[in-house]
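What follows is calculated from the coordinates using simple rules that are stated; it is not laboratory data. Since the model is a prediction, treat every value here as computed from it, not as a measurement. In this analysis, Cβ positions are derived from the backbone assuming ideal geometry, glycine residues included, and neighbour counts consider all displayed protein chains.
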Amino acid sequence: MAAKKFVYFFGPEGSEGNASMKNILGGKGANLAEMCNMEIPVPAGFTIATDMCTVYYKNDRNYPPELAEQVDENLKKVEEVMGKKFGDPENPLLLSVRSGARASMPGMMDTILNLGLNENTLQGLIKTESDTRFAWDSLRRFMQMYGNVVMGIKGEHFEHAISSLKDKYGIKNDLEMTVENLKELVESYKKIVKEQTCKEFPTDPKEQLWGAIDAVFGSWMNERAIVYRKMNGFSDDWGTAVNVQAMVFGNMGNDCATGVAFTRNPATGEHIFFGEYLINAQGEDVVAGIRTPQQITLAGSKKWAAEHNVSEEERASKYPSLEEYMPEVYENLCNIYKKLELHYRDMQDIEFTIENRKLWMLQTRNGKRTAAAAVKIAVDMVNEGLIETDDALLRVTPDQIDQLLHPQFVKESKKNAKLITKGLPASPGAGTGQIVFNAEDAAAWKANGLETILVRLETSPEDITGMVAANGILTGRGGMTSHAAVVARGMGKCCVSGCGGLNINVDEKTIKTGDLVLKEGDWISIDGSTGEVLLGKVATETPQFNDEFEKLMNWADNRRALKIRTNADTPRDASTARRFGAQGIGLCRTEHMFFEGDRIKAVREMILADDLEGRKAALAKLIGHQRGDFYAILKEMQGLPVTIRLLDPPLHEFLPSEPQQIKEMAEIMGCSEEKINDKIKALHEINPMLGLRGCRLGITRPEITEMQTRAIIEAACELTKEGIKVFPEIMVPLVGNVQEFKYQEKIIRETAAKVFEEKGINVEFLVGTMIEVPRGALTADEIAEHAEFFSFGTNDLTQMCLGYSRDDANKFIYDYIDKGILEKNPFRSIDQTGVGQLVEIAARRGKKARPNIKLGVCGEHGGDPASIDFFHRCGLQYVSCSPYRVPIARLAAAQAAINNDVVRQIKQTAEDAYSKAESTAKDVYAKAGTVAKDAYSKAESGLKNLKETLENSEELKKGVEGAKKIFNDIKDKFKKD
Ligand code: PEP
Ligand code: MG
């Protein structure tokens, strides 16, 4: 049997992989392969597949024997293509070794450059490149990187060696180091390695290569990568690929450069080419933020100069754009970026190196972007005819919509704030907090409930937990593509970078600018959209939405099947939610109205009263308030459905606990404090969540149900008389037995009938129930005989199905998640396999008994995208969530509709199958032409069969046509080959 393929070659003559193979080759490897297939100049290399990472960990960090053979075979191919030999002292091939998971994890795993260098191969580099200094600098960079990443030596040892050498010779800038200095540095690095590891620095290039491969696979399980995966919901099982690629050099002199760019502005989404580069530098110099990068385009450069008060003369001489500095390379780069964007039909984040004026592409990937940019780019690309509206809806994540709802500074408050300085607007949004100078403090302060701004000279991947904890990030160095900027944008956290006007002293924990000295704990505010840094605490507010946002939301509304309602207890919540696009109220928790003003006293009177008469007297005080609330809410919703739930929580939640309150109640009720205390004791429950609550209250105290129904119906009648449309839905909570529902329904209908008679008017209304007790779900057919709607109370349903107290589960749930017992918190995202079954059963049985029954969800899960997808699949009609999650739910519901669209799925499967067939056939073709031909004819007849089967459906036909086109393209390409 042939050995399993673990290594895939890519090079100018084409590659064994392509962009659809991200799961196998990782994002970086798949895109390198794709660029080669597109005839874009990429240094040759090979990718060790992600499955090897899995094998490596399963095998106790060992490789199967066939890996070495496959690596050797591919290394030979790279040598042939590049015309150099690995380890050759005459003309050495040097390699880069980089990680690459299926989704990008910037800076989380390890990279090694200049691999293959030792004092012998270095001579070859000098001969061929005639640059001794460059060769020695490459060697010391390699030793430093390898020593740190592979051999685990702390970076500061090497940093310390550089500073001592610089002090010794009075050198200020790294570029001033001479060959002799660099040789001395290499010697001290060797000593450091020996001291720290008791080993020599490896000089055998093969040993170096395997060390680097080990380190990259090993970095998959480093702490920061684990944290990043957890934060982004990436699975540990994916594994990383290892990309081994021929080195090209951007640091061989002034004809060389390196840069990163975005095909559109990643902060705003503007359709302009946007990027930075450095002359005579290696890749990591651009993102490290140590040198100030220059702009790629002339327009960008002029804008940058204006923002930094740099004169045109100084700009043109010291900081020219690539467009001016190497116009022909710039033109070439423009052609490539356009080709890439057109091919991927998405904004690309590209990395390139220019070696002696020859342009090499080192990476392309879909660029990370701010939420605002995601919306703008998606909408623009539809307008430009690049993508369909469905694609646009899938391009924006519900989380990004969440970010768009993030605060901005209140104009008035900002006007009064003192501007300290300005940096780069690296990631938009407003943040305010107390200054901390390191990631640990940011996390610790957050744990103590404090708000912080993390201030650093520059950030590195180790700062990730602090960046998550802080309200914003401010750095002294770094450009728009620095680590801080890129990571903050991905997180949707505001960030101001490259704030050169601040003298940040991390050791002393101070910031100085002019006469102003700020210390740890002082308040500052930063505006990531303008780059402003302000003194003190500035008030923030939620932003207004722009036209692109409205357009995207309109597309979402047209695409989704689920309606989106809101959980709102006040007219203000209802009005906010309507502004956000809510189509009704899915849950109005009436008890929340009981706490306002003096109402609580009447509620307490009602609970503490000795008899029915006393209770009715107290309820009479409440009915006016309730009617007023219902009137205002129903009016705000203008005929949209409003589900009002009868009183639900256990009564003791309303009772006084403070002696002063007890005294007051005794006075109001004209009884002794002792009597009040006795009543409180009598109402005490051991397990109130499963005690006297929900419909059990309305059954033991029917007068409450009567009062609430009367208030709802009276308000509805009043509004109807005023000509305002209303549609109340009265909901009975916590029903587990149809008799409970019937008992409550009778009171509701009789009371409503009385009110209609009194008012001389009829109003349409529904009576339904919550499904939140497992027995209620299982007997849904019986309940649906009587209930006109079901609203799934997934909070209680989760609590009762899993047997986890919703109030106490936090004490163990995160442990469960850490230990892999639970994947996620079931109170946030519905447990589809367990609780989900109850929802499915109830929906199915409910519909069977009453085909037109209304089905919705009003638990917290109504705002969670994964749960929304599940509810869509269950065939529910609506979800209800908090007002601020309404736009998120609108998009998530559209995505659920798209992702579960059968036609789309068939088309996608056909496309995937063809692209797999393409790469397999290519592989076979390379080995035996006849076998490949055979494979084609089989694929062709398979297509014919598929076509015949699906011919009856117009939409499916479209899918097949799409697939056929792809197939023909492949066929044509192969004919050419
Ligand atoms: C529920 O249980 O899901 C629900 C919406 O009701 P509450 O959270 O008020 O118990
Ligand atoms: Mg409930």
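For H271 and D237, calculate 0.36 nm times their separation in residues minus their Cα-Cα distance, and state this gained length in nm to one decimal.
Details: separation 34, 0.36 × 34 = 12.24 nm, distance 3.70 nm.
Taking 0.36 nm per residue and subtracting the Cα distance, the gain is 8.5 nm.
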Cα-based shape type of region 297-341, given that a ≥ b ≥ c are square roots of the gyration tensor eigenvalues and the cut on a/c is 1.5
oblate
E176 to K5: FRET efficiency via 1/(1 + (r/R0)^6), r the Cβ-Cβ distance, R0 60 Å, to the nearest 0.05?
0.75
Got the relative contact order for region 278-380 handy, in percent, Cα pairs under 8 Å and 6 or more residues apart?
17
Counting other Cβ atoms within 10 Å, keep those with at most 15, restrict to DSSP loop, and tell me which GluC sites (Glu not before Pro) in region 357-456 are left.
E384, E388
Please give the FRET efficiency for K754 paired with Q837, using the beta carbon to beta carbon distance and R0 = 35 Å, rounded to the nearest 0.05.
0.25
Mind checking the dipole of region 826-889: about its Cα centre, +1 per Lys or Arg Cβ, -1 per Asp or Glu Cβ, Debye to the nearest 20?
400
Debye log10 I(q)/I(0) at q = 0.06, 0.09 Å⁻¹ for the chain, Cα point scatterers
-0.56, -1.09
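Restricting attention to region 197-246, which trypsin sites (Lys or Arg not before Pro) occupy a DSSP loop and are surrounded by at most 12 other Cβ atoms within 10 Å?
On the way: sites: K199, K206, R224, R229, K230; in loops: K199.
Sites meeting the loop and neighbour criteria: K199.
Counting DSSP beta bridges with both partners in the chain, what percentage is antiparallel, nearest 5? Write out the running numbers ahead of the final one.
On the way: 65 of 104 bridges.
If we restrict to bridges inside the chain, about 60 percent are antiparallel.
For K85, what charge total do you get from the other residues with a beta carbon under 10 Å from its beta carbon, if Lys and Arg give +1 and Asp and Glu give -1?
Numbers: positive: K76, K84; negative: E79, E80, D88, E90.
Every neighbour counted, the sum reads -2.
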Obtain the nm distance between the two label points defined at K512 and I600 by a simple spin-label model: each point lies 7 Å from its Cα along the Cα-to-C-beta direction.
5.3
State, to one decimal in nm, how far the label point of I668 lies from the label point of A444, with both points 7 Å from Cα in the Cβ direction.
4.7
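Note down the relative contact order for the chain as a percent, whole number, built from C-alpha pairs under 8 angstrom at least six residues apart.
Values: 1886 pairs, mean separation 76.5, N = 977.
Here the relative contact order equals 8 percent.
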Compute the helix-to-body angle for 702-721: its Cα long axis versus the longest principal axis of the chain, expressed 0 to 90° and rounded to tens.
80
By its C-alpha gyration tensor, with a ≥ b ≥ c as the square roots of the eigenvalues, how is region 138-291 shaped: rounded for a/c under 1.5, else prolate for a/b larger than b/c, else oblate?
oblate
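Where does the chain land at 222 nm, in deg cm²/dmol rounded to the nearest 500, when only DSSP H runs of n ≥ 4 count, each adding -39500 (n - 2.57), divided by all residues?
Working: 40 runs with 496 residues, N = 977.
Roughly -16000 deg cm²/dmol at 222 nm, from the helical runs in the chain.
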Run down the lysines and flag those whose C-alpha is under 23 Å from the C-alpha of K58, throwing out any fewer than 8 positions away in its chain.
K4, K5, K22, K230, K819
Taking only C-alpha pairs under 8 Å that are 6+ residues apart, what is the relative contact order of region 558-707 in percent?
25
Within region 549-642, list the GluC sites (Glu not before Pro) lying in a DSSP loop whose Cβ has at most 12 other Cβ atoms in a 10 Å radius.
E596
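All other residues with a Cβ under 13 Å from the Cβ of A849 taken together, and with Lys, Arg as +1 and Asp, Glu as -1, what is their net charge?
Working: positive: R844, R845, K847, K848, R850; negative: D781, E782, E785, E788.
That sum, taken over residues with Cβ under 13 Å, equals +1.
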Environment charge at R579 (Cβ cut-off 12 Å; Lys +1, Arg +1, Asp -1, Glu -1):
-1
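Using Cβ counts within 10 Å as a stand-in for footprinting exposure, how do S15, S311, S96 rank, fewest first?
Numbers: S15 27, S311 10, S96 21.
Fewest-to-most Cβ neighbours within 10 Å comes out as S311, S96, S15.
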